[in-house]
Amino acid sequence: MLAVQGAFVEHEIMLNNMGMETLELRKKRDLSRDFDGLILPGGESTVQGKLIKEQDMFDELRERILSGMPVLGTCAGLILLASHISNDEKKHFATLPVTVKRNAYGRQLGSFFTREEFKGLGKVPMKFIRAPVIETVGDGVDILAKVEGKIVAVRYRNQIGLSFHPELCDDVRIHKLLLDTVSKKENA
């Protein structure tokens, strides 16, 4: 769990309630501990990107993602993964071949909740808070969900990117999707 800033505690609570152990990654030394998957939480992507670099975690985390470590990026985490950000010149990990638009639903007052179809899971609850949208996807990217015609969830190899916050809902199916990805990698 990336724990430099943002809504990581809610992910931890959800995973702990599912019987999973979590590890907070705050400093470079935390990367020496054994972990099988990664969650990049919502929060402020610019701040998270800056802190990851200041803590000298960026290169190793990026290499682990590129090497196949399962990762779930929610909201700001999606922005950290995106290869392009249409309304920002910054790039972070740039491992997910998508173009995202930051704050596509507006500021805090534009936050909303809905239930929409998620590929393979049925209807899932989705909480959007100052959320990005995925404007375009590259080759090999599987679109998992749309809201009002806008792409809000994708999968590319080991990476799942979401515009919304599944950790703020009671439904564990998306976190289980990440855990299933971890399990498949371990058994490969």
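The values are calculated or read from the model by the stated rules, or taken from the named source; none is laboratory data. What you see is a predicted model; the values in this text were computed from it and never measured. So basically every Cβ, Gly included, is an ideal-geometry build from the backbone, and we count neighbours across all protein chains shown.
Would the stretch 102-111 turn up any residue that is closer than 16 Å to I85 by Cα and of a type in the set (K, R)? So far as the stretch 102-111 goes, yes, one or more of its residues are closer than 16 Å to I85 by Cα and of a type in the set (K, R).
Checking V147, V98 one by one, the residue that is surrounded by 14 or more Cβ atoms within 10 Å (Cβ to Cβ) and over 14 Å from the mean Cα position of the chain (by Cα) is V147 and no other. Filtering the stretch 32-48 to residues that are in a helix (DSSP H, G or I) and surrounded by 16 or more Cβ atoms within 10 Å (Cβ to Cβ) leaves S45, T46, Q48. Scanning the stretch 65-72 turns up one or more residues that are part of a strand (DSSP E or B), surrounded by 16 or more Cβ atoms within 10 Å (Cβ to Cβ) and touching a helix residue (DSSP H, G or I) at 6+ places or on another chain (Cβ under 7 Å).
When the stretch 155-168 is filtered for residues that are surrounded by fewer than 21 Cβ atoms within 10 Å (Cβ to Cβ) and under 17 Å from G6 (Cβ atoms), only L168 remains. In the stretch 117-124 there is no residue matching the filter, namely being over 20 Å from A7 (Cβ atoms) and at pLDDT below 95. Of E60, E44, all but one fail to be acidic (D, E) and in contact with a Leu (Cβ under 6 Å, 6 or more places away or on another chain); the exception is E60.
Close contacts from the stretch 162-188, counting a first residue that is charged (D, E, K, R) and a second that is part of a helix (DSSP H, G or I) and crowded, with 19+ Cβ neighbours inside 10 Å, with Cβ to Cβ under 7 Å and a gap of 6+ residues or different chains, come to E167/H11; E167/M14. I'm checking my understanding of the structure. Among residues of the stretch 128-167 that are outside any loop (DSSP other than H, G, I, E, B) and among the hydroxyl-bearing types (S, T, Y), which one is nearest to N16 (Cα to Cα)? Once the filter is applied, the top-ranked residue is Y156.
Considering the stretch 101-115, and only residues there that are part of a loop (DSSP other than H, G, I, E, B) and either aromatic (F, W, Y) or modelled with pLDDT under 85 (or both), the residue that is surrounded by the most Cβ atoms within 10 Å (Cβ to Cβ) turns out to be Y105. Say whether the condition of being surrounded by 21 or more Cβ atoms within 10 Å (Cβ to Cβ) and part of a helix (DSSP H, G or I) is met by at least one residue in the stretch 18-29. Checked the stretch 18-29: no residue is surrounded by 21 or more Cβ atoms within 10 Å (Cβ to Cβ) and part of a helix (DSSP H, G or I). Scanning the stretch 77-100 for residues that are assigned to a loop (DSSP other than H, G, I, E, B) and on the phi < 0 side of the Ramachandran plot yields S86, N87, D88, E89, K90, K91, H92, F93, T95. Residue check: G138 meets all listed conditions (1) in contact (Cβ under 8 Å) with a residue 40 or more places away in the chain; (2) within 15 Å of I151 (Cα to Cα); (3) out of contact with any Lys or Arg (no Cβ under 7 Å at 6 or more places or on another chain); (4) surrounded by 15 or more Cβ atoms within 10 Å (Cβ to Cβ) but one, namely (4).
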